[in-house]
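Right, one structure below, let's go through it.
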């Protein structure tokens, strides 16, 4: 499955969360303390649930458990899921293999396109270029407004500053980044810190959860 359409017609709230990268404690704090997720809400996830943080499997387990319990959780495929599957397919339990393989590359709703990395608007059909959806570090050419119509694109994959994320949301830009680099660690003498970001799609406000997982980067 390349993509899927999800109606935004449930009575609950609507949220989108970017790259979690194995930061299970941070993800739980965002969902259950900041957002206080309910079953009637819709939660869109932009991929990259694994690597960098300390508990990749825990993040996958939580997403699958929420779905099993009836939460309206809609996860996308990120490039790190593809790498994770390639690295570990020989011994990874089948439930993880099936889950990752089932993930769509993009989700379309009434008002948004959700994608991990981006769209190649120079392609004859941007919805067929799956490599750009997973790996593109920038959007190729200007947004095709005829293709998008009134819809905005929210994506992760490439780390952006909080000010860039807030500005894009406040200004209601057509292309909105959401990845603030959710991992915390140290590479040599350089300390890298990020936050896990979400957007309340009804209020169109950014929600920031400080990283509470710790991982030393290799």
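The values are calculated or read from the model by the stated rules, or taken from the named source; none is laboratory data. Given the structure is predicted, the values throughout are model-derived calculations rather than measurements. Neighbour counts are summed over all protein chains in view; Cβ atoms, including those assigned to glycine, are modelled from backbone coordinates with ideal geometry.
Within segment 34-46, the set of residues being touching a residue at least 24 places away in the same chain (Cβ under 8 Å) and either over 15 Å from the mean Cα position of the chain (by Cα) or closer than 19 Å to residue 94 by Cα (or both) comprises 34, 35, 37, 38, 39, 40, 41. Look at (1) surrounded by 14 or more Cβ atoms within 10 Å (Cβ to Cβ); (2) modelled with pLDDT of 95 or more and you find that residue 68 fails only one, number (1).
Count of segment 105-130 residues, restricted to those that are in contact with a strand residue (DSSP E or B) (Cβ under 8 Å, 6 or more places away or on another chain), at pLDDT 90 or above and either in a loop (DSSP other than H, G, I, E, B) or surrounded by fewer than 17 Cβ atoms within 10 Å (Cβ to Cβ) (or both), is 9.
The listed residues are 208, 169, 153, and the only one of them that is under 22 Å from residue 120 (Cβ atoms) and either at pLDDT 85 or above or not in a loop (DSSP other than H, G, I, E, B) (or both) turns out to be 153. Criterion first (in contact (Cβ under 8 Å) with a residue 12 or more places away in the chain and buried (at least 22 other Cβ atoms within 10 Å of the Cβ)) does residue 84 satisfy it? In short, yes.
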